[in-house]
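Here the structure comes first, spelled out in structure tokens, and everything after it is commentary.
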Amino acid sequence: MLPRLYDRVLATHFQENRQMAFLAGPRQVGKTEAARRLADVYLNFDNLDDRAVILKGPSALALRAELDRPRERLPILALDEIHKFQKWKTLLKGFFDVHGARCGILATGSARMDIFRKGGDSLLGRYFLYRQHPFSVGEILRPEPPATPLCESMAIDGDAWETLWRFGGFPEPMVRQSAAFLKKWQAQRMDLLLREDVRDLTRVQELRGIETLGYLLAARSGGQLVFSNLAREISASVDTVRRWVAILSELYVGYELRPWFKNVAKSLRKEPKWYLRDWSAIADPGARAETFAACHLLKAVETWTDLGLGRFELRYLRDKLQREVDFAIIRDGEPWILVEVKTSRETLSRDLFHFQKQTGAKHAFQAVLDLPHESINCFAHTTPVIVPLRTLLSQMV
């Protein structure tokens, strides 16, 4: 099995912090394997025997973890898929407040563990969140947490690049490298996401509508979400479609990418773009290339943020004249890196020049999919330049 960045991230967390670690991410991205490798005691809420222990509360968990037994180091208790328990926040708060000094606590979930939006007892100050992503160019090259956001460029092996492009970054299909397995895996994963997981999070009568929307959006990665058009297509209200898209985002089917404006309210009024989490499911080369880059850049900004390297966001840029740049990395509230993705070499986009001047972003790249790796530092340039996509991504997580 290929080494994972997240093994070291979690190990370092428990060496340096008293807080719980929350590990969130898509289904089948490797959270369970990470939890099993790290934990001294592993409980999965989907396992009926483990669930019985969890439902008995903090005292039963402490007994199962044998916290009264002296240890050379603090044991780590992993609670997998704990978000499926309706009172999971209350359980963790109670266990941490009583037993946190004697035990490291790792909690994982496939749906977003966004405790502030969902109400209930606040866990503020009691945890750090880490978001696990599929494999990326940077993780294949360096499965270690970065000390700074940007790294030296490295050449990824051609076969490894092709495997990542064809089979995606989810561990099992990437390792298997079988087109037939990938098709079966994708169909099963979407079925689980759009039926079983949606059923756990929403009302039964909404299942068919959300499933229809999920399959509709699966063919539109990289496109703008025009909620009024989607509402007409599936015969639902605009507010309902917005809520259903939010549910699909919570389940990590895909994610919304919002435009960047200085005025936050203006940004929220504009329609977002939609990207799938699994680029291997996209047939169109242009849409796949854009989604491939989007997933890599999202992983970079979320990992940098989770590791405390700054506050990073991924956005896109568009103005009233329909000028657009695919991606803008925002660092501590200000545009830092602009990226336009192309499948083949073209004339340098004039929109990159325009938006770099308008935003003051330090770097602006036209990243080209089919260019071979070059041993250059992309970030030595502060004017718009054409770079190989694989070189640019090698300098990130």
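Summary of values
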quantity	calculated
Partners for Lys357 among lysines (Cα-Cα distance below 28 Å; same-chain residues under 8 apart left out)	Lys262, Lys266, Lys270, Lys273, Lys299, Lys320, Lys342
Rounded to whole Å, sorted largest first: equivalent-ellipsoid semi-axes of region 5-131, Cα gyration tensor	19, 17, 15
Crossing angle, helix 207-218 versus the chain [Cα axis fit, 0-90 degrees, rounded to tens]	40 degrees
Inter-part distance where region 1-53 and region 273-318 are each reduced to a Cα centre, Å	24 Å
Full-extension gain in nm, Leu192 to Asp159, via 0.36 nm per residue minus C-alpha separation	8.8 nm
Anisotropy class of region 283-397 from Cα gyration tensor, a/c 1.5 cut	rounded
Residue-count net charge about Leu5 - beta-carbon cut-off 10 Å; Lys, Arg +1, Asp, Glu -1	+1
Estimated [θ] at 222 nm from DSSP helical runs (n ≥ 4, -39500 (n - 2.57)) normalised by residues in the chain, nearest 500	-12000 deg cm²/dmol
C-alpha center-to-center spacing [region 348-397, region 214-266] in angstrom	28 Å
Beta bridges per DSSP with both ends in the chain, % antiparallel, nearest 5	35 percent
Pairwise FRET efficiency - Ala52 versus Thr305, Cβ, R0 = 25 Å, nearest 0.05	0.10
Loop sites in region 203-242: trypsin sites (Lys or Arg not before Pro), DSSP, at most 16 other Cβ within 10 Å	Arg203
Whole-Hz ³J(HN,Hα) from phi, Karplus 6.51 cos²θ - 1.76 cosθ + 1.60, for region 312-322, glycine and proline x	10, 9, 10, 9, 10, 10, 7, 10, 5, 8, 6
Net charge dipole size for the chain [Lys, Arg +1 and Asp, Glu -1 on Cβ; Debye, nearest 20]	980 debye
Theoretical gain in end-to-end length, Ala60 to Thr383 [0.36 nm per residue, Cα-Cα removed]	110.3 nm
Segments 320-333, 132-145 sorted - mean Cβ within 10 Å per residue, highest first	132-145, 320-333
Modelled label reach - Val98, point 7 Å along Cα→Cβ, region 71-86 residues with backbone N closer than 17 Å	77
Label-point separation in nm, Ala11 to Asp370, each point 7 Å along Cα→Cβ	4.2 nm
Virtual spin-label span in nm between Lys184 and Asp200, 7 Å along Cα→Cβ	2.4 nm
Length added when fully stretched, Leu150-Ser344, from 0.36 nm per residue minus Cα-Cα	67.4 nm
Cα→Cβ-extended label distance, 7 Å offset, between Asp332 and Gln177, nm	4.3 nm
Nearest-20 debye value, region 253-396 charge dipole, Cβ charges on Lys, Arg, Asp, Glu	480 debye
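Values quoted throughout were computed directly from the atomic coordinates according to the rules given, and no laboratory measurement underlies them. Everything numeric here is computed off the predicted structure, so don't read it as measured data. We place every Cβ from the backbone using ideal geometry, glycine too, and count neighbours over all the protein chains shown.
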